Amino acid sequence: MGNSSIRLRDQELIRVSSLLIGSIGTVVETSQLQLEAFNRAFKSFDLGWHWSREEYEGLLIKAGGEIRIRDYGKVMNATLSDEDISTVYQLKGGFFSELLEQSELIPRKGLVPLIEACSHFGIFLGWITTTTAENITAIRKALSGQVDFGLFDTILDREDCSKSKPDPEIYLEAIKRHNLEPAKIAAIEDSSSGVSSAKTAGIYCIGTPGDYKKKQEFGAADICLEDLGDIE
């Protein structure tokens with residue numbers, strides 16, 4: 001692996017041999033589509049639920065769609081079995097894929113030149129998320145021609161861990177699987193749970209709040225940026 005500096009305005013932040021991109025929202029902003037997909041799934045399953053943006057922003061503090069459905073069901077005193085929750089989440093995934101196909105998405109600003117620079121300098125590049133493999137496939141299809149996912153050395157998803165972020169398991173799995181040095185890794189995360197996951201794994205973390213996550217607490221991040229283009 002290569003070794004280079006992540007810099008900001010001529011200030012060296014960290015020497016890295018690996019850059020790990022966090023959740024879907026670090027690659028592309030999809031929160032509005034995710035919310036619409038959840039609401040369509042609730043209607044299809046005849047739950048009578050409809051999340052507002054404000055409600056959804058609060059629920060996004062915890063990672064994992066099934067966890068959000070389960071927690072909200074408790075608040076609503078709804079009796080949902082594990083099978084019910086799984087079915088609703090699968091419906092949501094189908095609607096999300098449909099919405100992605102109908103929408104014109106663009107990558108987060110600064111992402112493409114950043115991953116291309118990693119490839120050029122031989123920096124190990126990973127996409128480390130606890131979303132489903134189906135969501136990863138849908139995002140890759142939606143951004144085909146804009147993001148070269150072949151530049152990623154590894155892509156980990158929910159099938160590679162048993163616990164969602166903020167648990168550090170998925171990052172620890174990436175470190176173990178690819179023999180990475182935590183002190184030479186930088187992670188980029190768009191949520192407080194993602195930042196917590198990376199920091200608990202002993203990784204330098206750059207926070208870049210998503211549109212629906214700007215009210216979250218990013219104090220644990222080593223640095224916070226609105227635009228990944230600020231990174232050299």
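When the stretch 93-114 is filtered for residues that are among the aliphatic types (A, V, I, L, M) and open to solvent by less than 40 Å² (accessible area, probe 1.4 Å), the ones remaining, listed by number, are Leu99, Leu100, Leu105, Leu111, Val112, Leu114.
One line per residue, one yes/no per condition, for (1) assigned to a helix (DSSP H, G or I); (2) within 17 Å of Gly64 (Cβ to Cβ); (3) within 16 Å of the chain's Cα centre (by Cα):
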| site | (1), (2), (3) |
| --- | --- |
| Asn135 | yes, yes, yes |
| Val147 | no, no, yes |
| Ile155 | no, no, yes |
| Lys165 | no, yes, yes |
| Arg177 | yes, no, no |
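Considering only residues of the stretch 65-92 that are of a type in the set (Gly, Ala, Ser) and surrounded by fewer than 19 Cβ atoms within 10 Å (Cβ to Cβ), which is nearest to Thr131 (Cα to Cα)? Among them, the one singled out is Ser86. If the condition is being farther than 13 Å from Ser18 by Cβ and open to solvent by less than 30 Å² (accessible area, probe 1.4 Å), then the stretch 168-191 contributes Pro168, Ile170, Glu189, Asp190, Ser191. Report yes if some residue within the stretch 199-208 is under 14 Å from the mean Cα position of the chain (by Cα), part of a loop (DSSP other than H, G, I, E, B) and either of a type in the set (Gly, Ala, Ser) or within 27 Å of Leu33 (Cβ to Cβ) (or both); otherwise report no. So far as the stretch 199-208 goes, yes, one or more of its residues are under 14 Å from the mean Cα position of the chain (by Cα), part of a loop (DSSP other than H, G, I, E, B) and either of a type in the set (Gly, Ala, Ser) or within 27 Å of Leu33 (Cβ to Cβ) (or both). For the stretch 165-185, a residue qualifies if it is touching a residue at least 60 places away in the same chain (Cβ under 8 Å) and either in contact with a helix residue (DSSP H, G or I) (Cβ under 9 Å, 6 or more places away or on another chain) or on the phi > 0 side of the Ramachandran plot (or both), and the qualifying residues are Lys165, Pro166, Tyr171, Ala174, Leu180, Glu181, Ile185. In the stretch 1-50, counting only strands (runs of 3 or more DSSP E) that sit wholly within it, the ones holding 2 or more residues that are without any contact (Cβ under 8 Å) to a residue 24 or more places away in the chain span 11-16.
Residue-by-condition table, conditions (1) among the hydrophobic types (A, V, I, L, M, F, W, C); (2) open to solvent by 20 Å² or more (accessible area, probe 1.4 Å):
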| position | (1), (2) |
| --- | --- |
| Val16 | yes, no |
| Gln32 | no, yes |
| Leu47 | yes, yes |
| Glu55 | no, yes |
| Leu59 | yes, yes |
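Applying the selection to the stretch 89-123, what residues are over 30 Å from Lys43 (Cα atoms) and assigned to a loop (DSSP other than H, G, I, E, B)? If the condition is that a residue be over 30 Å from Lys43 (Cα atoms) and assigned to a loop (DSSP other than H, G, I, E, B), then Arg108, Lys109, Gly110, Gly122, Ile123 are the ones that fit. For the structure I just gave you, tell me whether Ile139 is touching a strand residue (DSSP E or B) at 6+ places or on another chain (Cβ under 8 Å), open to solvent by less than 20 Å² (accessible area, probe 1.4 Å), closer than 30 Å to Phe45 by Cα and in contact (Cβ under 8 Å) with a residue 12 or more places away in the chain. The answer is yes for Ile139.
The values are calculated or read from the model by the stated rules, or taken from the named source; none is laboratory data. Just so it is clear, the model here is predicted, and its values are computed rather than measured. In this analysis, Cβ positions are derived from the backbone assuming ideal geometry, glycine residues included, and neighbour counts consider all displayed protein chains. Note: accessible area is taken over every heavy atom of the protein model, side chains too, but ligands, DNA and RNA are not part of it. Shrake-Rupley method; radii C 1.70, N 1.55, O 1.52, S 1.80 Å.
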